[in-house]
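These notes concern the structure reproduced below.
The values are calculated or read from the model by the stated rules, or taken from the named source; none is laboratory data. Just so it is clear, the model here is predicted, and its values are computed rather than measured. In this analysis, Cβ positions are derived from the backbone assuming ideal geometry, glycine residues included, and neighbour counts consider all displayed protein chains.
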Amino acid sequence: MPRQVKTWLVTGATRGIGREIAAAALARGANVVATGRRPENLAARLPEAEGRLLVLPLDVTNTAQVKDVAAAAEARFGRIDVLVNKMRASDNWVTSRPSPRHKSRVSLQRMCSA
């Protein structure tokens, strides 16, 4: 039985650990949707992907962009199997009310797990 190719959606893939995770997934043969607020040169920084890489701008605080990214990923690859929602260590999660950023992340996670 042929191995099914997984599709990864990696937020914050423009640098650091997000970019390394995207590169590792590509190196293992996965499809990757790599996103970030400024993705202009991201494709040049990742290994050759032979059509398995989709680079899109994404600010996780922008709900419309979150929906657009999920739709584009599903249109290109059929589904999203793995979500790597990389967030900065400086994000403050100890608040009485969820921030708009947190709500968008939860929305992205729900959309990708459906």
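List of remarks:
- Subset tally (residues that are farther than 17 Å from VAL32 by Cβ and basic (Lys, Arg)) for segment 45-87: 1
- Positions within segment 1-23 being of a type in the set (A, V, I, L, M) and outside any loop (DSSP other than H, G, I, E, B), in sequence order: LEU9, VAL10, ILE17, ILE21, ALA22, ALA23
- If the condition is being under 20 Å from GLN65 (Cβ atoms) and loosely packed, with under 13 Cβ neighbours inside 10 Å, then segment 33-44 contributes ARG38, GLU40, ASN41.
- Residue pairs whose Cβ atoms lie under 7 Å apart, separated by 6 or more positions or on different chains, with the first residue in segment 11-32 and of a type in the set (A, V, I, L, M, F, W, C) and surrounded by 24 or more Cβ atoms within 10 Å (Cβ to Cβ) and the second modelled with pLDDT of 90 or more and assigned to a helix (DSSP H, G or I), are ALA13/ARG19; ALA13/ALA22; VAL32/ALA22; VAL32/ALA25; VAL32/LEU26.
- Answer residue from segment 24-47, given it is polar (S, T, N, Q) and in a strand (DSSP E or B) and is nearest to the chain's Cα centre (by Cα) among those: THR35
- There is at least one residue in segment 26-38 that is farther than 15 Å from ASP81 by Cα and aliphatic (A, V, I, L, M).
- Failed condition for GLY51, given (1) at pLDDT 85 or above; (2) more than 13 Å from the chain's Cα centre (by Cα); (3) part of a helix (DSSP H, G or I): (3)
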